[in-house]
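Everything on this sheet refers to the single structure shown next.
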Amino acid sequence: MVNCSFSLSEMGGFFKISSSTRFNNSERFSLEQLKNNKRKLESIKKLTSNWNGYEGEQFESSLINMIQDIISELDYQPQIFPTGRGSIQIEKYINDDNLVEIEVSNDEIFAYQVKNGEETEKEISVAEINSLIAELFAL
């Protein structure tokens, strides 16, 4: 869901529309990147067992649906990668000192974060994903 608010103020017979949305920052929400990520998820969904030649697991529809829901709500679109464990990794990289990698499975969500060169690893909830990625752009 896109949060959007508009205010109208009359200025010399003209109306000025000022908006406050997540679209105002060029680093933020990109519909094209979201579409690309959804296409990538559709491709991942079609992978069969041993898709990587190393006994890579097939991806459950429920996981694909969960990832689609997650990325649809993100302010910044991540890169998406399948893992051989049947999980999906979503990541956002600024530089070697500022990045986040989040591995999502049906059972858990695990985050590895490097913020100003400091590494942390922890289990997180779906609700924490957007803020974890957005923190990279607040530095």
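Just one of the listed residues (49, 131) is in a helix (DSSP H, G or I) and either touching a residue at least 12 places away in the same chain (Cβ under 8 Å) or polar (S, T, N, Q) (or both), namely 131. If the condition is being acidic (Asp, Glu) and part of a loop (DSSP other than H, G, I, E, B), then region 81-97 contributes 96, 97. Evaluation of residue 33 against the conditions (1) surrounded by fewer than 17 Cβ atoms within 10 Å (Cβ to Cβ); (2) assigned to a helix (DSSP H, G or I); (3) modelled with pLDDT under 95; (4) in contact with a Lys or Arg (Cβ under 8 Å, 6 or more places away or on another chain) shows that the sole unmet condition is (4).
Candidates 94, 80: the one that is within 16 Å of the chain's Cα centre (by Cα) and modelled with pLDDT of 95 or more is 80.
Within region 98-110, if we keep just the residues that are assigned to a strand (DSSP E or B) and touching a Ser or Thr at 6+ places or on another chain (Cβ under 8 Å), the residue that is surrounded by the most Cβ atoms within 10 Å (Cβ to Cβ) turns out to be 104. Scanning region 59-73 for residues that are over 13 Å from residue 37 (Cβ atoms) and either surrounded by 15 or more Cβ atoms within 10 Å (Cβ to Cβ) or of a type in the set (Gly, Ala, Ser) (or both) returns 59, 61, 62, 63, 66. Do we have residue 38 as of a type in the set (Lys, Arg), under 12 Å from the mean Cα position of the chain (by Cα) and surrounded by fewer than 18 Cβ atoms within 10 Å (Cβ to Cβ) here? Considered against the rule, which asks whether it is of a type in the set (Lys, Arg), under 12 Å from the mean Cα position of the chain (by Cα) and surrounded by fewer than 18 Cβ atoms within 10 Å (Cβ to Cβ), residue 38 comes out as yes. Of everything in region 111-128 that is in a strand (DSSP E or B) and among the β-branched types (Val, Ile, Thr), the residue that is farthest from the chain's Cα centre (by Cα) is 120.
The values are calculated or read from the model by the stated rules, or taken from the named source; none is laboratory data. Worth saying up front: this structure is predicted, and the values here are computed from it rather than measured. Don't worry about glycine lacking a Cβ; one is built from the backbone with ideal geometry, like all the others, and counts go over all protein chains shown.
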